[in-house]
Amino acid sequence: MRKALIMILVLILALVPALTACTSKTAEQKPTEQTQEVKEEVVVVIAQTRDVTGLDYALVSQTETQNISNNIFDTLVRLNERNDYEPWLAESWENPDDNTWIFHLREGIKFTNGEPVDAHAVKYSLERIIDPEVKSPQASRLSFVQEIQAPDAKTVVIKTKEPYAALLNIMTLMFIVPPKAVEEMGNEKFAQSPIGSGPFIFEEFTAGEKVVLKANKDYWKGAPKIDKVIFRPISEASTRIASLKTGEVDIIMAIPPNNLKDLQSSPDIKTTAKTGVMLYMGLDTFTAPLDNVKVRQAINYAIDKETIVNSILLGTAKVMAGPVFDVTKGFDPNIKPYPYDVEKAKQLLKEAGYEKGFKLKLATPPQGVEGTTNTLEVAQAIAAQLKEVGIEVELDITDPATQFQRYKNREFQSYLFTWDTQVEPDRYLYSLFDSDARGYYYKNTDVNNLLRKGRATMDQAEREVIYKQLHKLLYDDAPWGFLYNQEAYYGYRANVKFEAPVDGMIFAYSIEKQ
């Protein structure tokens, strides 16, 4: 009996190390298993130059809103890095005649609330923008539309009043929305809590602080490489740069030229630029003295654009010869920028009856917006230069958040505004100069006729001739003080894969982060 007890005791003692090892191994494995289960979210924070008032670009015409809408919603086609039109919700399209466009939609795509992305949704989205009660700032872009048909779930037919050559380009801006959700929520609520079929899903909007989007894991092209993208409004360039340096944000836009070298020397930061942003001085041509073309031309001669570009922007911009980008189809290279000529400006003012000059109010944001920088410094330089010819300028420092509304309300005598570089002339020239589009500060029947002729001409060679005529007409009529096209620099953390967009719209679907 004693021998049996001794044997049992020996066996127990022999098992203790094995049990201890097993227990230790199990204890060691648990944290490892937990670590494998909890994956850290990949979040990219993007700093924009101003806050947004809504998240539906059909209702709010802001570049910042456009950036956000571009990630929540899809369009029929997209502009790719080569400036070619890429099939998106539409897998193909055709023109059986010059006034008809037929889009064939992909099957099986759904909005994140489960509604189908079908021909009815496309028809509804476009007709919503056209509806005068909606008061969409994008409505003028669809003024050419006669009728939209949805003969079946996969087919959309757009009938135009006349041939419209720029339709594909305009479709890159027409975000498709879920009809049932919009009707149930109403436009105002939908613009605060939007639902789309895009690569990201709306999660949170805190005015003045952030817009949070989470990855759409069921996106029809595959899930994004990042889990969340956060858009933050940071108006001060110095604050954006500091936030990028500390890693508080991952991507910033509108880098002032004097900060470029510092950022480019940092191993943790990279910069990128592909296109420019035009800054122009809009003029109220309906009201004296700016209703006189000689006064408007005098302003163009009195502004020393080259000095502004070289001294304030450190050469990161190009003086513009009128309102047409040099990459736009229809740009006339024979037209040169207005030279800086004080005596010519004084002579024109004298001929217009303003030899002693006049007072002018110039609205300007306190910082650069939509890719431009140093705007207030530029405004101050313009004021000093115009004073040399007798024009006393009073600066109206305008809150960027209210700038567009004040612009629409015709509160400005003159103002500094922007537009992204565009290849398609109708994309911006119609919006800015046709009196039926905006028409807040300018109307010229000859300009209207050329704009409408250009958009109705399907032959591209003929179109270029028309837009060259338009370029010369606008240059001579000087509805603006023509300034410059500034390179739009983005800064980003070195562990982020990012490229400056060719169309000015950030598409976070292509962003990666290590």
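The rows are residues; the columns are (1) within 18 Å of F482 (Cα to Cα); (2) more than 34 Å from the chain's Cα centre (by Cα); (3) open to solvent by 60 Å² or more (accessible area, probe 1.4 Å).
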residue: A352; (1), (2), (3): no, yes, no
residue: A363; (1), (2), (3): yes, no, no
residue: Q367; (1), (2), (3): no, no, no
residue: T372; (1), (2), (3): yes, no, no
residue: A383; (1), (2), (3): yes, no, no
residue: V393; (1), (2), (3): yes, no, no
TODO: With respect to D304, determine if the residue is more than 26 Å from T328 (Cβ to Cβ) and not aromatic (F, W, Y).
DONE: no
Task: Checking M281 against (1) open to solvent by less than 40 Å² (accessible area, probe 1.4 Å); (2) farther than 29 Å from Q413 by Cβ; (3) in a strand (DSSP E or B); (4) not acidic (D, E), the condition it does not meet - done: (2)
TODO: With respect to E370, determine if the residue is in contact with an Asp or Glu (Cβ under 8 Å, 6 or more places away or on another chain), closer than 25 Å to I255 by Cβ and not hydrophobic (A, V, I, L, M, F, W, C).
DONE: yes
Open item on the list: Tally up the residues in the range 395-404 that are farther than 20 Å from K305 by Cβ, open to solvent by 30 Å² or more (accessible area, probe 1.4 Å) and over 20 Å from the mean Cα position of the chain (by Cα), please.
Closed with: 1
Open item on the list: When the residues of the range 238-278 are narrowed to those that are among the polar types (S, T, N, Q) and in contact with a Phe, Trp or Tyr (Cβ under 6 Å, 6 or more places away or on another chain), which ends up surrounded by the most Cβ atoms within 10 Å (Cβ to Cβ)?
Closed with: T271
Task: Scope the range 208-226; condition more than 26 Å from K180 (Cα to Cα) and open to solvent by 30 Å² or more (accessible area, probe 1.4 Å); matching residues - done: G208, E209, K210, K225
Open item on the list: Take the residues in the range 80-99 that are within 19 Å of K161 (Cα to Cα) and buried (at least 16 other Cβ atoms within 10 Å of the Cβ); name whichever of them is farthest from the chain's Cα centre (by Cα).
Closed with: N99
- [ ] Could you tell me whether the range 106-118 includes any residue that is under 29 Å from F433 (Cβ atoms) and not aliphatic (A, V, I, L, M)?
- [x] no
- [ ] Enumerate the pairs (first residue in the range 256-283 and over 29 Å from F417 (Cβ atoms); second residue anywhere and open to solvent by less than 10 Å² (accessible area, probe 1.4 Å)) with beta-carbon separation below 8 Å, excluding pairs fewer than 6 apart on the same chain, so at least 6 apart or on different chains.
- [x] I269/L244; I269/L263; I269/G491; K270/G491
Open item on the list: Take L19 and tell me if it is open to solvent by 80 Å² or more (accessible area, probe 1.4 Å) and either modelled with pLDDT under 50 or in contact with a strand residue (DSSP E or B) (Cβ under 7 Å, 6 or more places away or on another chain) (or both).
Closed with: yes
Task: Within the range 155-206, helices (runs of 4 or more DSSP H) holding 2 or more residues that are open to solvent by 10 Å² or more (accessible area, probe 1.4 Å), modelled with pLDDT of 95 or more and out of contact with any Phe, Trp or Tyr (no Cβ under 6 Å at 6 or more places or on another chain) - done: 179-185, 187-192
- [ ] Filter the helices (runs of 4 or more DSSP H) completely within the range 375-471 down to those with at least 3 residues that are touching a strand residue (DSSP E or B) at 6+ places or on another chain (Cβ under 9 Å).
- [x] 375-387, 400-408, 425-433
TODO: Answer yes or no as to whether S235 is over 30 Å from R452 (Cβ atoms), open to solvent by less than 10 Å² (accessible area, probe 1.4 Å) and part of a loop (DSSP other than H, G, I, E, B).
DONE: no
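The values are calculated or read from the model by the stated rules, or taken from the named source; none is laboratory data. Predicted model only: the values in this text are computed from it and were never measured. Don't worry about glycine lacking a Cβ; one is built from the backbone with ideal geometry, like all the others, and counts go over all protein chains shown. For accessibility, only protein heavy atoms count, side chains too; no ligands or nucleic acids. Shrake-Rupley method; radii C 1.70, N 1.55, O 1.52, S 1.80 Å.
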